[in-house]
Amino acid sequence: MMSLRANILDNKHRHYPSIDFRSSFILLLFICFLPISLLGQTRQELEKQRLQLQKEIKEINTLLFQSQKKEKTLLSDLSDLAQRIGVRTKLINTINEETNQLNIEIRENERQVKMLEERLEYLKKDYANMVVQSYKSKTKNSRLMLLLSSENFLQAYKRLEYLKQFAAYRVRQGEEIKEETIKLHNLNDYLVQTRNEKEELLAINREEKDSISKEKASREVLVKSVKKKEKKYIAQINNKQKEEKKIDAQIEALIAEAIANSNKESNVKSSGFALTPEAIALEKDFISNKGKLPSPVERGVIVRRYGKQSHPTLKGITIESNGVFYATEKNANARVIFDGKVLAIQILPGKKKAVLVQHGNYISVYKNLDNVTVQKGDLVSTKQLLGKIHTDKTTGKTILAFVLFKEIHRQNPEEWVYKI
């Protein structure tokens, strides 16, 4: 799209009404063209962000709102709704920014159209004057008479060169008029295209605003219902947090024990594993891929991020997350984020399981699995399936808890894993 505009604004003009007009025209062209190309890049980024947010809303609708629940959980429903409202709000803001960029681009294009129209008008007048002058000169004197009336050979030669240059100038002017006409036509087409894009964005914006208004109304109804049982829900959250902390402590103890055994076998003292040269190379590869590692689920949305955070629905309640929680589709499998070795398989409450995979001194943990397809000591490769993720019978949700350690120190997985 922007290459079309660049071709339109390509400055190859050689003939202007005056030196001042030419200088000001080139200056304006340069000033206008540079910001628009930069704005074009920004708009491309906004478009990419908008498409990503639209995809996320679709995933939220599919993975959080279309599962068949045997028993509805108000708090869970409210949390899902809050997440969708949050993403939709980001989408509306992105659309607004993208529309603003289009408005700027349209105004600049309109200014270029005006400049091209003025330029074309001048060329046509100049060309018409040349045609008239050429006609007059032909009626008064022929080219031959003009040459024969020369005082000497040098003057005749100069007159002949002048006639050739004048003829060539007329041809160039005619070609330039054609070029300017094409540029003006292309720029007008581009204007129509950007205006259509703007209208499409405004239509999407209106739809999103209507949706968010309905969702906010639904949220108010749910909030009232949740407040009636607020104490009960707070107790459930606190119990859940205690259970998660207990499991994480067990995982940390398991890793610490594995490190101690590794050092004992190698007769070394270190805070990390005693690594072979191959394991050291693997760890370097793991680190070099930070931010580019694949997601532990093929399809999903993040429903809880890493670290301390306010509860999405209950005011004054803080939850601490040691990892990232992904909602995915029913019967989905967890997959390993990088090559490694299965360090352990831990049994969790409710007969669920967690798989620990070692990547040098880094350990990735995949919790909430119904069954696993690997064993302790297995070598695994990137994206290899580890086991089926558990689906909660009450909420109907399929959630994978993903945790990342360096030795026994927790890491923020979102800094390592590429966004879905």
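The values are calculated or read from the model by the stated rules, or taken from the named source; none is laboratory data. This one's a predicted model, so the numbers in the text were calculated from it and none came from an experiment. Positions of Cβ are generated from backbone atoms using ideal geometry, with glycine treated the same way; all protein chains shown enter the neighbour counts. Side chains included, ligands, DNA and RNA excluded: accessible areas come from the protein's heavy atoms. Shrake-Rupley method; radii C 1.70, N 1.55, O 1.52, S 1.80 Å.
To the nearest 10 Å², what's residue 373's accessible area with a 1.4 Å probe?
Roll a 1.4 Å probe over it and residue 373 shows about 90 Å².
Using alpha carbons only, how many angstrom separate the centre of region 252-274 from the centre of region 341-420?
21 Å
Heads up, I need the accessible area for residue 185: 1.4 angstrom probe, whole protein in place, Å², nearest 10.
Estimated to the nearest 10 Å², residue 185 gives 110 Å².
Residue separation times 0.36 nm, minus the C-alpha to C-alpha distance between residue 394 and residue 407: what's the value?
Answer, rounded to one decimal: 1.1 nm.
So for region 259-376, what percent of the C-alpha to C-alpha distances run longer than 26 Å?
Percent of Cα pairs beyond 26 Å in region 259-376: 32.
Could you work out how far apart the two model spin labels at residue 103 and residue 51 are, taking each label as a point 7 Å from the Cα in the direction of the beta carbon, and quote it in nm?
2.5 nm
Averaged per residue, what accessible area in Å² does region 216-313 show with a 1.4 Å probe, protein chains only?
Spelled out: the 1.4 Å probe surface of region 216-313, per residue, equals 66 Å².
Would you kindly state how much longer the chain becomes between residue 240 and residue 196 on full extension, computed as 0.36 nm times their sequence separation minus their alpha carbon distance, in nm to one decimal?
Here the answer is 10.7 nm.
So how far apart, in nm, are the two label points at residue 215 and residue 228 if each is 7 Å from Cα heading toward Cβ?
Rounded to a tenth, the inter-label distance reads 2.5 nm.
What is the distance in Å between the Cα centres of region 87-109 and region 189-210?
9 Å
Ignoring ligands, DNA and RNA, please state the percent of accessible area on region 366-420 from carbon and sulfur, probe 1.4 Å.
48 percent
Using 7 Å Cα-to-Cβ label points, what is the residue 181/residue 124 separation (nm, one decimal)?
With each label point 7 Å from Cα toward Cβ, the separation is 1.0 nm.
On the full set of protein chains, 1.4 Å probe, figure out the accessible area of residue 190 and give it in Å² to the nearest 10.
0 Å²
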